[in-house]
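Working notes for the structure below.
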Amino acid sequence: MPLMNAVQVAGPGADLEMVQTEIPEPGEREVLLKVEACGVCHGDAIPMHGRYPGLSYPRVPGHEVVGVVTRRGAGVSGWEVGARVGVGWSGGHCMVCEACADGDYPSCEDSRVTGLSVDGGYAEYMVARSSALVSIPDELSSADAAPLLCAGATTFSALKSSGAAGGDTVAVHGIGGLGHLALQYASRLGYRTVALSRGPQKETLARELGAHAYIDTDATDAAAALQELGGARVILCTAPNVTAIAGLIDGLGMDGQLIIVAGLSEPLSFYPGKLFRGGRSIKGWHGQRPADAVEFSMRFSIMPMIETFPLERAAEAFEKMMSATVRFRSVLTMGA
Ligand SMILES: NC(=O)c1ccc[n+]([C@@H]2O[C@H](COP(=O)([O-])OP(=O)(O)OC[C@H]3O[C@@H](n4cnc5c(N)ncnc54)[C@H](OP(=O)(O)O)[C@@H]3O)[C@@H](O)[C@H]2O)c1
Ligand SMILES: [Zn+2]
């Protein structure tokens, strides 16, 4: 059996380790991808904590995957060998159950989550369901395309879901992999865009990415600063900190929405009465429709800012993301 390099988590609490393992075989309605790039998302920390339905070990993380179709399993149509494609968080649905036959894909009980319920893209090869694939335009490099598949898809779809109109004040909390793309989408969607970050270090870059205002949350009461700007119509929370998020509710204006995309491991605690003023609301959001994010990003020349690492430096790439020192997305590249 031919072998490949992969970076895996052996079990809960284990670190990332490079191993040699067999190149997987594509089954029915699956393709084998030769991986060219894989973004390192904060969600990749989940296999290390061991909390996710259907998670088993060893597991190869990675759900911002771009690769080339090298083999097709039975029943694959529309994706030729040689096509460059992407796969995000959703690893697709089975296409054969009753729900899939009705086009009701979210109800498919055999939905996959890339890098969690099946192996992901921290590897030289990966098997993906054809129903999960997104076409990558020729003009977009694999390393630049990778972060659009989760970070881009999540923030673009969250902002679109808010119903905010051009000119509305939209704040982005946390300037990391998701946040730096959210700033670009928000400014291109015509919002008055406010960046919220710990410390002054990211101000210049945040403004270059489209922020009209910058709030240093270490030095300023962020909610009061947002009220001085008239109150936010939307605060998109990407920073995984329940205390900071609860404090932002007071920064919402009329019909203001706090949209939580950050993965939080503790309960969010606040007085519900805070929501009465101005009809405020809180909602969670999950990354959706990566093809839309790719299309919008191409049309408005929105690119992630990335630092690339070879696969064998995956642990370093992950650590730079976890310590919020990467500018702004670590991307593993596999010799493409
Ligand atoms: N809902 C979804 O579909 C979805 C999809 C992808 C990711 N996620 C989740 O979204 C979150 C962000 O992901 P990401 O990949 O953008 O992560 P990331 O690159 O690590 O960025 C998160 C940013 O949040 C801030 N931050 C980090 N730790 C913090 C803390 N303890 N207190 C306050 N601020 C903190 C930092 O920004 P500053 O330095 O600017 O303060 C950091 O750059 C994660 O929780 C991830 O699991 C959810
Ligand atoms: Zn992600």
In nanometres, the difference between 0.36 nm per residue of separation and the alpha-carbon distance of L264 and N5 is 90.1 nm
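Fully extended, how many nm does the chain gain between T70 and M95 (0.36 nm per residue separation, minus their Cα-Cα distance)? Write out the running numbers ahead of the final one.
Working: separation 25, 0.36 × 25 = 9.00 nm, distance 2.15 nm.
Length gained, T70 through M95: 6.8 nm.
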Would any residue of the stretch 37-57 have its amide N under 16 Å from a label point 7 Å out along Cα→Cβ of R198? List them or say none. 42
Expressed in nanometres to one decimal, the distance between label points 7 Å along Cα→Cβ at E17 and D138 is 4.4 nm
Calculate the spin-label point distance for S281 paired with E208, positioning each point 7 Å from the Cα along the beta-carbon direction, and give it in nanometres. 3.8 nm
Amide H neighbours of E307 at under 5 Å, excluding residues fewer than 5 places away on the same chain, with H built from the backbone geometry, are F328, R329, S330, V331
If you split all Cα-Cα distances of the stretch 1-65 into 10 Å bins from zero, what percentages do you get per bin, shortest first? 19, 48, 32, 1
Name the most mobile residue of F318, F309, F300, meaning the one with the largest mean-square fluctuation, in a Gaussian network model of the chain with Cα contacts below 10 Å. F300
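For a test of the definition: using alpha carbon positions, the gyration tensor, and the 1.5 limit on a/c, classify the chain as rounded, prolate or oblate.
On the way: a/c = 1.81, a/b = 1.69, b/c = 1.08.
It is prolate, given that a/c is not under 1.5 and a/b is the larger ratio.
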For the stretch 62-76, Karplus couplings with θ = phi - 60° (6.51, -1.76, 1.60), whole Hz, Gly/Pro x: x, 10, 10, 10, 10, x, 10, 5, 10, 8, 10, x, 5, x, 8
Would you please give the residues with an amide H less than 5 Å from that of A37, counting only those at least 5 places away or on a separate chain, with H modeled from the backbone geometry? V66, M334
The long-range amide H neighbours of V113, using H built 1.01 Å from N in the peptide plane and a cut-off of under 5 Å, are G91, V118
With Cα springs under 10 Å, the Gaussian network model of the chain assigns the largest mean-square fluctuation among P24, P147, P47 to P24
Place +1 on the Cβ of every Lys and Arg and -1 on the Cβ of every Asp and Glu in the chain, take the dipole about the Cα centre, and give the residue among G86, G54, H173 whose Cα lies farthest towards its positive end. H173
With labels modelled as points extended 7 Å from the Cα through the Cβ direction, what inter-label distance (nm, one decimal) is found for N241 paired with T308? 3.3 nm
From phi via Karplus (6.51, -1.76, 1.60), per-residue ³J(HN,Hα) for the stretch 328-333 in Hz, x at Gly/Pro: 10, 9, 6, 10, 7, 10
Most exposed to least, judged by fewest other Cβ atoms within 10 Å, M95, M254 sort to M254, M95
Ordered by fewest other Cβ atoms within 10 Å, a rough proxy for footprinting exposure, S330, S90 read S90, S330
Of the candidates L183, L264, L196, which one comes out as most mobile in a Gaussian network treatment of the chain with C-alpha springs shorter than 10 Å? L264
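Please give the contour-minus-distance gain from S301 to Q227: 0.36 nm per residue of separation, less the Cα-Cα distance, rounded to one decimal in nm. Write out the running numbers ahead of the final one.
Details: separation 74, 0.36 × 74 = 26.64 nm, distance 3.17 nm.
Extending this stretch completely gives an extra 23.5 nm.
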From the phi angles alone, apply the Karplus equation (6.51, -1.76, 1.60; θ = phi - 60°) to the stretch 289-301 and give each ³J(HN,Hα) in whole Hz, x where the residue is Gly or Pro. 6, x, 4, 5, 5, 5, 5, 5, 4, 5, 5, 10, 6
Within the stretch 257-292, list the chymotrypsin sites (Phe, Trp or Tyr not before Pro) lying in a DSSP loop whose Cβ has at most 10 other Cβ atoms in a 10 Å radius. F276
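Readers should treat all values here as calculations from the given coordinates under stated rules, not as data from a laboratory. What you see is a predicted model, and the numbers here were worked out from it, not measured in a lab. Here Cβ is always computed from backbone atoms with ideal geometry, including for glycine, and neighbour counts include all displayed protein chains.
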